[in-house]
Ligand SMILES: Nc1nc2c(ncn2[C@@H]2O[C@H](COP(=O)(O)OP(=O)(O)OP(=O)(O)O)[C@@H](O)[C@H]2O)c(=O)[nH]1
Ligand SMILES: [Mg+2]
């Protein structure tokens, strides 16, 4: 390219002036970006209970920190066992009631609606006779895929037998369910990017009063909503649909005056469960989605249903946009929090969007 000085003899005064301007801007960006790099950007994970906040938080640890140490994984072993027993208890209780009922199928009254069929009854008897975990694991996977009992997601449940022997690998920790109480924070830097401080909170109703202590100086809210929960009710209130709760909570968060300038990153999470469920349970069972009409079957239907849900959430965001907060950024991401590669890709996009936004606010772009 040669040196700028050598070329200057052939450039017009106007071009020269433009170059000097560009260099000044570059210097300012370099200076301010360097200063900024050491002041962490504050990110808040918000959303209702079980929407996946802590799973994202754990992924950050795996992706951008040192992962889970041996000691932590040993502690998670106990949690995983407790999760499995808890899930089995829900199923077996349902089974008992089923046995006393003449109905073909039984729907549990608990927040996790479980349809227990005849084949599970047979498999459970097999378990009683000590005939292995795999058969019941497969059946639980089928039920878990619909109900999201802790830990019993499709593929994972099939590994129940393995889990019994050696549960403490990094991936298992992502599936272990511990309800968050209080506030947890961590600081991390994705690659050579800026420093972030991420806060995880408890999402159940009795936890939310603690949130407001964190509302000042937030760069971005990552709001998690579980796509697959459109047919489930809250564990703290059996009469409220989880998707309706997510909508109302999102609406409430958007209205907070502290968030006038805050970016909003909506993580429509549990897409893996959503794409299985959509073929079994119509989206319209959720009162918010009552006008939904499926257009096709297979992959096209998954994408149509997803876009419909995304549009509904976008409407909530836009309904809350007014002259006072029109500048805030809104991005939607389709996520599966237990998928490490996808979370890494999503986080790179988040980082890019936030950096672009800060440069734009600083008048650099
Ligand atoms: N299959 C699947 N499971 C998920 C996903 N995200 C979270 N989970 C599981 O859902 C359960 C709840 O996730 P958490 O991350 O604990 O939810 P939370 O939002 O932190 O819940 P609270 O702490 O109660 O507010 C855990 O068992 C996770 O493993 C996902 O995208 N796919
Ligand atoms: Mg949590």
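Highest-first packing order for the peptide set 247-253, 262-268, 178-184 is 262-268, 247-253, 178-184, based on the mean count of other beta carbon atoms within 10 Å. Size check on the stretch 200-263: the Cα extents along the three principal axes, sorted descending, read 35, 21, 18 Å.
Once you reduce the stretch 169-195 and the stretch 326-365 to the center of their Cα atoms, the two points are 18 Å from each other.
Compactness check for the stretch 288-365: Cα Rg over 2.2 N^0.38 Å is 1.42.
The packing ranking, built from the mean of other Cβ atoms within 10 Å per residue, places the peptides 72-84, 317-329 in the order 72-84, 317-329, highest first. The ellipsoid equivalent to the alpha-carbon distribution of the stretch 48-88 has semi-axes of 21, 17, 5 angstrom, derived from the gyration tensor eigenvalues as √(5λ) and listed largest first.
Values in this text are rule-based calculations from the coordinates and carry no lab data. Computed from a predicted model, the values in this text were never measured in an experiment. Every residue, glycine as well, gets a Cβ built from its backbone with ideal geometry; the counts of neighbours run over all protein chains shown.
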